[in-house]
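Notes follow once the structure below has been shown.
The values are calculated or read from the model by the stated rules, or taken from the named source; none is laboratory data. Remember, it's a predicted structure, so these values are computed and weren't measured experimentally. Neighbour counts run over all protein chains shown; Cβ positions are idealised from the backbone, glycine included.
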Amino acid sequence: MVAGITEGHLTLDSGGGHVALGKIRGATANIRTGGGSVEANQIQAMLNLDSSGGSVTVKRLVGGQLDIHSGGGDMSAEVLYGDNVGIHTDGGAVTVGSLRAAVKAQISTDGGDFALQGFDGYLDLATRGGDIELQLQEQSKRAAVRTCRILIMLRRISQAVSRGFP
């Protein structure tokens, strides 16, 4: 357990163990768990996090560049604010209460479900069949969503139209 860091750099590799973080405020945070889960109260830093399959649970995450790769584990955050936000779960679900991306948020679940209760900014979401629940806010600029289900449905509609069916 790391209770807190103020104005420093954090580099952490747990080698497979669980990581619990309190309040982390610093320039950079590089976290690798090798399969262990990550729980954090607050991280305010340029973040590069790779859990290699472990779940990631964060109450508040703020930073210019936020890169999270859970390698199959679920990822959840109550508040996530960043300039550039990247989340990739390799099949795990992504659940975010409030997401603000000043430049762009790129999220890929590779089949996991995606739920976002409030979004401001630019969003590029890709999933290979997971359920999507997305609520845009007044400051939402653009949301691009790609999923196999929609692409298959569009293909079937276009085939039916080209054959003369309504």
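Looking only at the stretch 56-81, residues that are modelled with pLDDT of 95 or more and of a type in the set (Gly, Ala, Ser) come to 2 in all. Taking the criterion of being surrounded by 23 or more Cβ atoms within 10 Å (Cβ to Cβ) and in a strand (DSSP E or B), the residues of the stretch 102-115 that qualify are Ala105, Ile107, Phe114. In the stretch 139-158 there is no residue that is at pLDDT below 85, within 23 Å of Val38 (Cα to Cα), surrounded by 15 or more Cβ atoms within 10 Å (Cβ to Cβ) and not hydrophobic (A, V, I, L, M, F, W, C). Of all residues assigned to the stretch 60-74, none qualifies as being β-branched (Val, Ile, Thr), buried (at least 16 other Cβ atoms within 10 Å of the Cβ) and not in a strand (DSSP E or B). Which residues, taken from the stretch 96-109, are under 14 Å from Gly86 (Cβ atoms) and touching a Ser or Thr at 6+ places or on another chain (Cβ under 9 Å)? Of everything in the stretch 96-109, those that are under 14 Å from Gly86 (Cβ atoms) and touching a Ser or Thr at 6+ places or on another chain (Cβ under 9 Å) turn out to be Val96, Ile107, Ser108, Thr109. Inside the stretch 12-27, can you point out the residues that are within 20 Å of Tyr81 (Cα to Cα) and surrounded by fewer than 15 Cβ atoms within 10 Å (Cβ to Cβ)? Matches in the stretch 12-27: Gly22, Ala27. Give the residues of the stretch 34-57 that are buried (at least 23 other Cβ atoms within 10 Å of the Cβ), in a strand (DSSP E or B) and within 14 Å of the chain's Cα centre (by Cα), sorted by residue number. Residues satisfying the conditions are Val38, Leu47, Leu49, Val56. Of all the listed residues (Gly82, Gly91), the sole one being more than 15 Å from Leu21 (Cβ to Cβ) and surrounded by fewer than 22 Cβ atoms within 10 Å (Cβ to Cβ) is Gly91.
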